[in-house]
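Coordinate-derived values only; no laboratory data. Just so it is clear, the model here is predicted, and its values are computed rather than measured. Please note: Cβ atoms are built from the backbone with ideal geometry, for glycine as well, and neighbour counts cover all protein chains shown.
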Amino acid sequence: MTTLSRRGFIGTSGLVVAAAGAVSGRTAFAAVPEAPTMTEATTQAPLVPTTGPDYQPVATLNGWTLPWRMNGDWKEFHLVAEPVVREFAPGMKGYLWGYNGQSPGPTIEAVEGDKVRIYVTNKLPESTAVHWHGQRLPNGMDGVGGLNQPHIPPGKTFVYEFQLRRSGTYMYHPHSDEMVQMAMGMMGFFVVHPKDPAFRRVDRDFVFLLNAFDIEPGSYVPRVAEMTEFNMWCWNSRVFPGIDPLVVGLNDKVRIRFGNLTMTNHPIHMHGYEFKVSCTDGGWVDPAAAWDEVSIDCAVGQMRAFDFVADEPGDWAIHCHKSHHTMNAMGHSVKNYIGVSKKDLAKRIARIAPGYMPMGSNGMGEMGSMEMPLPDNTLPMMTGFAQFGPVEMGGMFSVVKVREGLAKNDYKDPGWFKHPEGTVAFEYKGQKLAEAPRGTSPDSGIEPTEWRVKDPRKPSLGPDGKPRPAAKNSHSNH
Ligand SMILES: [Cu+2]
């Protein structure tokens with residue numbers, strides 16, 4: 001049925017054209033475009049457009065934008081689905097699946113109205129297919145293997161062709177054995193810029209995907225059958241302190257876009273500013289319909305973009321507000337030992353059980369500064385140092401660094417913020433303070449300041465080291 005000339009495909013054995021139907025430009029296939037690959041996990045400079053309408057290109061956190069070529073009036077891209085090695089943060093790598101050398105794959109950027117032709121070559125050991133999440137397109141281009149197209153067998157290349165009908169924030173991911181393929185890291189961002197360069201334009205536009213893995217400390221390959229117990233909470237398959245900062249100039253208009261391809265929701269919270277959601281999965285939000293917020297929940301499969309004017313200089317935290325998601329790999333059997341001194345005990349246990357990570361005696365903060373023996377290829381649970389000490393974070397955490405005098409498109413890490421004198425919280429060193437007023441807690445038989453986790457097997461000890469008198473049990477009387 002398709003009168004496709006094969007002449008152009010010399011040297012590209014195994015190429016299959018999936019699309020049938022009324023698609024123009026078929027005969028213009030000269031050869032499959034090159035498939036660029038990326039070997040680094042650092043944020044690459046945005047890819048400034050050289051053809052077509054002007055737009056502010058996005059900065060993909062710890063990622064890059066896929067170069068394209070024009071072929072007639074088609075913008076051609078080439079994705080290669082393949083096994084990749086991704087560094088989550090210095091000290092830990094994962095053996096994942098991704099596209100063009102990385103997980104997530106490169107960001108695809110184009111302009112509303114563009115005709116895009118995306119070649120997808122499958123170098124995985126199993127079939128795949130690519131779904132263009134959120135796009136309006138002909139049904140046969142939607143990428144659900146079996147439903148909209150045959151699965152792409154290993155070694156074959158399929159072609160997707162569609163015209164970009166709406167500007168906005170999109171993603172791509174497999175729709176073929178997706179539980180395995182997404183758990184292995186296959187996904188990417190897809191940004192369609194407005195045709196009118198002035199429409200909702202910002203000075204800096206960041207994108208990242210929320211993704212999660214379950215990788216046992218000391219191993220490299222994600223457990224793909226995991227449903228809930230993920231231990232690597234990532235932005236673009238990176239965890240803090242491996243996530244690059246979001247560097248912006250003072251008074252820049254800034255957009256931050258993310259899409260959620262994990263199996264739970266993530267309330268993304270940014271410090272220092274209120275922002276307005278400007279774009280959802282379905283398109284742009286009318287400015288009159290957006291209200292000021294400081295956290296925005298992103299449900300599974302959703303995309304959100306928010307805008308703000310960066311008029312407060314500083315190092316502003318941005319993170320998922322689920323506190324377990326700002327942690328790196330840990331055993332889920334962490335016990336609560338608040339009140340129990342066991343620093344030495346932990347070290348002794350770790351000698352025979354590498355990776356043993358108890359919760360600290362004074363909360364978990366001390367884990368950030370404690371040197372614990374770790375197995376190869378894992379990360380401390382909470383780590384990363386800043387100018388005042390350990391940040392005690394991991395996972396989905398980064399810093400929006402707002403600085404005066406940055407050149408346009410300068411995304412280099414400017415280092416830590418230099419606070420104007422007298423603007424940092426400081427230790428009180430004046431006269432002895434009067435007792436702070438405080439409420440009284442229900443009669444638990446212990447003083448609030450002496451609160452300890454009690455081991456039911458042992459008598460509760462008072463501050464003098466002697467067993468306390470039996471506590472009146474008020475909690476069971478509610
Ligand atoms: Cu989260």
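Using 0.36 nm times the number of residues separating Gln163 and Ser219, minus their current alpha carbon distance, what extension gain do you get?
Numbers: separation 56, 0.36 × 56 = 20.16 nm, distance 4.26 nm.
Between Gln163 and Ser219, full extension yields an extra 15.9 nm.
Quick one: which residues, 5+ away or cross-chain, put their amide H under 5 Å from the amide H of Asn71? H built at 1.01 Å from N.
Glu76
R0 = 45 Å: FRET efficiency of Glu274 with Asp73, Cβ-based, nearest 0.05?
So the FRET efficiency works out to roughly 0.60.
In whole Å, what is the distance between the alpha-carbon centres of region 115-161 and region 34-85?
18
For a quick check: with amide H placed at 1.01 Å from N, whose amide H comes under 5 Å from Asp297's, ignoring anything fewer than 5 positions away on the same chain?
Amide H neighbours of Asp297: Ile268.
Take the cross-link list Lys276/Lys401; Lys123/Lys401; Lys115/Lys401 and give me the ones stretching past 30 Å between alpha-carbons.
Among Lys276/Lys401; Lys123/Lys401; Lys115/Lys401, the Cα-Cα distance tops 30 Å for Lys123/Lys401; Lys115/Lys401.
Can you figure out the FRET efficiency of Ala299 with Arg351, using R₀ = 35 Å and their beta-carbon distance, to the nearest 0.05? Could you put the intermediate results ahead of the total?
Working: r = 44 Å, r/R0 = 1.24.
That pair, Ala299 with Arg351, gives E of 0.20.
First measure r as the distance between the Cβ atoms of Arg438 and Ala31, then evaluate 1/(1 + (r/R0)^6) with R0 = 56 Å and state the FRET efficiency to the nearest 0.05.
On the way: r = 75 Å, r/R0 = 1.34.
Efficiency, rounded to the nearest 0.05: 0.15.
Check Thr262: other-chain or 5+ apart residues with amide H under 5 Å from its amide H, H built from backbone geometry?
Gly301
Classify region 90-190 from the C-alpha gyration tensor, please: rounded if a/c falls under 1.5, else prolate or oblate depending on whether a/b exceeds b/c. Don't skip to the answer; put the middle values down first.
On the way: a/c = 2.01, a/b = 1.31, b/c = 1.54.
It is oblate, given that a/c is not under 1.5 and a/b is not larger than b/c.
Return the loop-located trypsin sites (Lys or Arg not before Pro) in region 172-277 (DSSP other than H, G, I, E, B) with at most 15 other Cβ atoms within 10 Å of their own Cβ; answer none if there are none.
Details: sites: Lys195, Arg200, Arg201, Arg204, Arg223, Arg238, Lys253, Arg255, Arg257, Lys276; in loops: Lys195, Arg200, Arg201, Arg223.
Here the sparse-neighbourhood loop sites are Lys195, Arg201, Arg223.
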